[in-house]
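Before any comments, here is the structure.
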Amino acid sequence: MSALVAVRDLVVEYAARHGRRRAVDGVSLDIARGETLALVGESGSGKTSLGRAILRLVEPASGGVTFDGIDVRALGREPLRALRRRMQVVFQDPKASLDPRLTVGRIVREGIDAHRLARGRDADARVERLLDDVGLAAADVARHPHEFSGGQRQRIAIARALAVEPEFLVLDEAVSALDSTVRAQVLALLASLQATRALTYLFIAHDLAVVEGFATRVAVMHEGRIVECAPARALFSAPTHDYTRALLAATPRVPW
Amino acid sequence: MSAATRRIRALAREAFPDWPSRVAIAVLALVLLAVLFAPLLAPYDPNALADFVRDQFLAPSMHHPFGTDQAGRDVLSRVMHGGRVSLGVAALSVVVSVAVGALWGAVAGFAGGVFDATLMRVSDAVLAFPRILLLLLMTSLVRAPSAAGIALLLGITSWPGMSRLVRAEVRHLREQDYVLAARALGVPWWRTLRTHLLPGVAPQVSVAAALAFASVIPLEATLSFLGLGLHPPAASWGNILLDGADQAAAHWWLVLFPALAIVVTVVCVNTIGERLQDAIDPRRVAP
């Protein structure tokens, strides 16, 4: 198994009222090509910061991140911009992550235009295909985000991310805001997209129940550190760390 | 751009539901038409030197609704023509203020850090001077400024306020997830500024521009009244007021009508601006 993403001793700090607060405190992990690594922990545990540091949306204080052997932290502006095509993100709240003033077409096109992947009619066709891939209609290009339900909006955000044909997707609580039926539908979509497009996922969630059945491996994060990282089945049947046990005990076990 | 049109329509419906704002729009439209088409509509030549022994200081009547001044000129015609200068200068100054202020504020707010701090200290420094003092200082340096010159002076003394507003708004928008998503997509910063940030600040900027327009009309009048603005024969509402000031006790119409023109216009523009402000208030729930 070759690691697509390798994180070494990563530290992310934020300026706090007194000095600095460590959100990520020396994390190392590997994400293999094609797998879904779930990153689970309560809010404030540093999951989002870790995900953003991998994408270099926040600058880590120290440590290393490589993507397919490329040192992400060493990249200058243009090489980084080029690399962004290969790694994408879907945020938790599609209401906040879609510009309310733009049409769906323009939202999905944003990455296509930024990387000049297609122009004019080709770009239009591409957008329509993407919308179809995520279960929306081609006619939706002219509509605005507020005309859609939460689940549909998340599909738009997924289409936007897929538009640049990434290999790696950070799903930052991407289904957490959705109610359970819609969540199951979006998870099913993500699973099928992963199969057809050979995607690798970092699936960030605060809820272990969502992760079961979806993730290949699970990393449990607590106060900026990874306390346990194991194949999903092993972690659910035989958690080794106390915090994982506590988290599992707090999770209603619903068969997925 | 049908989406934009629809948005503007919805905003207009939402913004002007009550009669004061509709009256304000109607009155302002009337003023603007009268001023804009003054050369066609004005009953007399505003600068005609008539038989001023006969025509001097005529009280308002059917022939001269606003009366005549010491040179026998029709005050209504003068006010209509003066509005072209007053409103033109005000509009141009707002354009200058918005152009400089929005660019300054957007760059500062978007860049952040030292760059932001430097830009904002400069605008603070300009803001720290009372505007009227700054204007007095600058007008004393420029002899007999043209209308465009006055507009430029008014504009460059008002952009700091605009830049602060735009900066605050850009900083707020910059933290939105969709801006972060654009960064994650590898969208260049200038494109993000153009697609997400500037359209986002446009409503606030239009409101601020309306309010700035309202505030600059009396300011220009003040300058002209102090003799520091435009020089005759070019006449803004402030110049007309100045002309009539020493005769005001005996001939009230010389100051009442130009003053009314200023007040009515300012009140209307302010009313409209405030309604727009309410309509775009971010605390209100988005549709």
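The values are calculated or read from the model by the stated rules, or taken from the named source; none is laboratory data. Being a predicted model, the structure only gives us computed values, none of them experimental. Here the Cβ positions follow ideal geometry from the backbone for every residue, glycine too, while neighbour counts run over all protein chains shown. For accessibility, only protein heavy atoms count, side chains too; no ligands or nucleic acids. Shrake-Rupley method; radii C 1.70, N 1.55, O 1.52, S 1.80 Å.
Between B:Val255, B:Val267, B:Val207, B:Val216, the distinction of being away from chain A (no Cβ under 14 Å), open to solvent by 40 Å² or more (accessible area, probe 1.4 Å) and either assigned to a helix (DSSP H, G or I) or not β-branched (Val, Ile, Thr) (or both) belongs to B:Val267 only.
The set of residues in segment A:108-144 being closer than 19 Å to B:Arg194 by Cβ and within 21 Å of the chain's Cα centre (by Cα) consists of A:Val108, A:Arg109, A:Glu110, A:Gly111, A:Ile112, A:Ala114, A:His115.
Residues in segment A:196-207 that are out of contact with any Lys or Arg (no Cβ under 9 Å at 6 or more places or on another chain) and not hydroxyl-bearing (Ser, Thr, Tyr): A:Arg197, A:Leu199, A:Leu202, A:Phe203, A:Asp207.
Of the set (1) at pLDDT below 90; (2) of a type in the set (A, V, I, L, M, F, W, C); (3) open to solvent by 40 Å² or more (accessible area, probe 1.4 Å), all apply to B:Leu135 but (3).
Output yes when any residue across segment B:177-196 is among the charged types (D, E, K, R), open to solvent by less than 40 Å² (accessible area, probe 1.4 Å) and touching a Gly at 6+ places or on another chain (Cβ under 9 Å), and no when none is. Scanning segment B:177-196 turns up no residue that is among the charged types (D, E, K, R), open to solvent by less than 40 Å² (accessible area, probe 1.4 Å) and touching a Gly at 6+ places or on another chain (Cβ under 9 Å).
Residue count for segment A:158-215 satisfying the condition of being in contact with an Asp or Glu (Cβ under 7 Å, 6 or more places away or on another chain), within 14 Å of another protein chain (Cβ to nearest Cβ) and open to solvent by 50 Å² or more (accessible area, probe 1.4 Å): 1.
For B:Asp55, the requirement of being surrounded by fewer than 21 Cβ atoms within 10 Å (Cβ to Cβ) and closer than 26 Å to B:Gly149 by Cα is not met.
For beta carbons closer than 7 Å, sequence separation of 6+ or different chains, a first residue in segment B:181-193 that is over 20 Å from A:Lys95 (Cβ atoms) and at the interface with another protein chain (Cβ under 7 Å from one of its Cβ atoms) and a second that is part of a loop (DSSP other than H, G, I, E, B) and open to solvent by 20 Å² or more (accessible area, probe 1.4 Å), the qualifying pairs are B:Gly186/A:His115.
Among the residues of segment A:32-46, are any at negative phi and within 14 Å of chain B (Cβ to nearest Cβ)? No, because not a single residue in segment A:32-46 is at negative phi and within 14 Å of chain B (Cβ to nearest Cβ). Of the helices (runs of 4 or more DSSP H) that lie entirely inside segment B:1-86, those containing 1 or more residues that are over 24 Å from B:Gln247 (Cβ atoms) and in contact with an Asp or Glu (Cβ under 9 Å, 6 or more places away or on another chain) span B:2-15, B:19-36.
Quick one: is A:Arg233 in contact (Cβ under 8 Å) with a residue 60 or more places away in the chain, basic (Lys, Arg) and either more than 30 Å from A:Arg21 (Cα to Cα) or open to solvent by 10 Å² or more (accessible area, probe 1.4 Å) (or both)? Considered against the rule, which asks whether it is in contact (Cβ under 8 Å) with a residue 60 or more places away in the chain, basic (Lys, Arg) and either more than 30 Å from A:Arg21 (Cα to Cα) or open to solvent by 10 Å² or more (accessible area, probe 1.4 Å) (or both), A:Arg233 comes out as no.
Is there a residue in segment B:226-249 that is part of a loop (DSSP other than H, G, I, E, B), out of contact with any Phe, Trp or Tyr (no Cβ under 7 Å at 6 or more places or on another chain) and farther than 28 Å from B:Pro145 by Cα?
yes
This table checks each residue for (1) touching a Ser or Thr at 6+ places or on another chain (Cβ under 7 Å); (2) aromatic (Phe, Trp, Tyr).
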{"site": "B:Phe37", "(1), (2)": "no, yes"}
{"site": "B:Leu40", "(1), (2)": "no, no"}
{"site": "B:Asp74", "(1), (2)": "yes, no"}
{"site": "B:Leu103", "(1), (2)": "no, no"}
{"site": "B:Gly109", "(1), (2)": "no, no"}
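Would you say A:Pro252 is loosely packed, with under 14 Cβ neighbours inside 10 Å and either at pLDDT 85 or above or under 18 Å from the mean Cα position of the chain (by Cα) (or both)? Taking the combined requirement at face value, the residue does not satisfy it. Selection over segment A:115-142 of residues that are of a type in the set (Gly, Ala, Ser), touching a residue at least 40 places away in the same chain (Cβ under 8 Å) and within 14 Å of chain B (Cβ to nearest Cβ) gives a count of 0.
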